[in-house]
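Read the structure below first, then the notes.
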Amino acid sequence: MNETAVESDEARALEAQALEAVEGVSASIYHRVYQVLVVGMAISTTLFAVGLLRAWAGHTVVPLSTRWIREQYNWDLFLSGLRHLEPTALLMAATFVLILTPVVRVAVSIYAFSREGDRKFVAITSSVLGIILLTVVLSRLGFVSPEHVQVKDSQRVADAPKP
């Protein structure tokens with residue numbers, strides 16, 4: 001074999017190793033994200049199922065009125081309900097886990113991309129997490145609330161041209 005053929009074979013081997021390394025990185029990131037989504041969904045589904053079964057077995061009526069729902073958003077009541085496996089608390093916990101799962105997925109993605117040295121995707125994913133957290137903070141401060149949405153929607157309907 002001549003020198004050029006040997007160098008070409010070595011170059012191909014290095015290319016193959018580099019490609020395997022890149023594919024391995026992508027596979028590990030996707031595997032971590034997949035695990036987060038599966039675990040979050042499994043926990044949420046289990047909590048929903050247990051909550052619904054407990055409600056059904058105990059003939060629990062959940063009125064879902066605005067007033068009743070607001071009364072349920074109380075940490076002491078919620079934690080006490082979880083300790084006693086009350087259906088409402090279990091369903092609220094299931095909903096919380098379901099909503100939190102994509103947020104955790106974004107955080108895991110940031111970690112995975114940073115471990116792999118991919119600054120571009122760390123920046124992009126961090127901005128997504130920042131937007132999510134900013135939305136939560138703004139809603140807690142009262143800048144985004146159902147009342148704002150209702151007012152805007154009712155104004156839109158009132159201001160709509162009549163046929």
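Computed from the coordinates by the stated procedures, all read-outs in this text should not be read as laboratory data. Nothing here was measured: the structure is a model prediction, and the numbers come from that model. Neighbour counts are summed over all protein chains in view; Cβ atoms, including those assigned to glycine, are modelled from backbone coordinates with ideal geometry.
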If I stretch the segment between residue 76 and residue 128 completely, what's the gain in nm (0.36 nm per residue apart, minus their alpha carbon distance), one decimal? 15.6 nm
Taking 45 Å as R0, compute the FRET efficiency from the Cβ-Cβ separation of residue 121 and residue 61 and round it to 0.05. 0.40
